1. With LEU41, LEU19 as the choices, which residue is open to solvent by less than 90 Å² (accessible area, probe 1.4 Å) and more than 11 Å from the chain's Cα centre (by Cα)?
2. When the range 20-52 is examined, which residues are found to be among the aromatic types (Phe, Trp, Tyr) and either modelled with pLDDT of 95 or more or more than 30 Å from ILE6 (Cα to Cα) (or both)?
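The values are calculated or read from the model by the stated rules, or taken from the named source; none is laboratory data. Model, not experiment: these values are computed from the prediction. Note: accessible area is taken over every heavy atom of the protein model, side chains too, but ligands, DNA and RNA are not part of it. Shrake-Rupley method; radii C 1.70, N 1.55, O 1.52, S 1.80 Å.
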Amino acid sequence: MDTKEIFSAVGNFGFPMVLSWYLLLRMEQRLDKLTSCLNELSRALLQKNKEI
């Protein structure tokens, strides 16, 4: 997204809405990464319990 599109969105939708949208997109990427890490941890713990 270039600066022209950002300024156009701010003008059309307002700063709070554009900021919320941007932060939600960034948060979604981090939540996806967190989910994959938790799944990996869960698999490792299950494998460790099977070994005991």
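1. None of the other options fit; the residue is LEU19.
2. The initial filter retains those residues of the range 20-52 that are among the aromatic types (Phe, Trp, Tyr), namely 21-22.
Scanning the range 20-52 gives no hits.
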